[in-house]
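Contents: one structure, followed by commentary.
No value in this document is a laboratory result; all are computed from the given coordinates. From a predicted model like this one, the values you see are computed outputs, not experimental measurements. Here the Cβ positions follow ideal geometry from the backbone for every residue, glycine too, while neighbour counts run over all protein chains shown.
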Amino acid sequence: MELKPCPFCGRKSARIAYKTVDRTDSNGKLGTRSERYKIYCSSCPGQTSWGFYVEDVAEAWNRRANDV
Ligand SMILES: [Zn+2]
């Protein structure tokens, strides 16, 4: 998977961020743990929103790059 240059500053500074989100049920018990991804730029504040799949956020990033 290839990330295009940043649509905001034009640098090849795209990075993939990753986090896990713990969900608790109504009793406060730990439920499923799910993952979130986003693409951000290490040279400027440009970033995508958090998504469930790295492919999706990469696509959003690349599509945005095309729009500019
Ligand atoms: Zn940037």
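Tabulated results
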{"quantity": "Among (1) in contact with a Lys or Arg (Cβ under 6 Å, 6 or more places away or on another chain); (2) surrounded by 10 or more Cβ atoms within 10 Å (Cβ to Cβ), the one test that E35 misses", "calculated": "(1)"}
{"quantity": "Extreme residue, nearest to the ligand (Cβ to nearest atom), among residues of the range 18-68 that are assigned to a strand (DSSP E or B) and of a type in the set (V, I, T)", "calculated": "I39"}
{"quantity": "Check on R15, surrounded by fewer than 16 Cβ atoms within 10 Å (Cβ to Cβ), within 14 Å of the ligand (Cβ to nearest atom) and in a strand (DSSP E or B)", "calculated": "yes"}
{"quantity": "Scan of the range 44-68 for residues that are among the small types (G, A, S) and surrounded by 14 or more Cβ atoms within 10 Å (Cβ to Cβ), ordered by number", "calculated": "G46, G51, A58, A60, A65"}
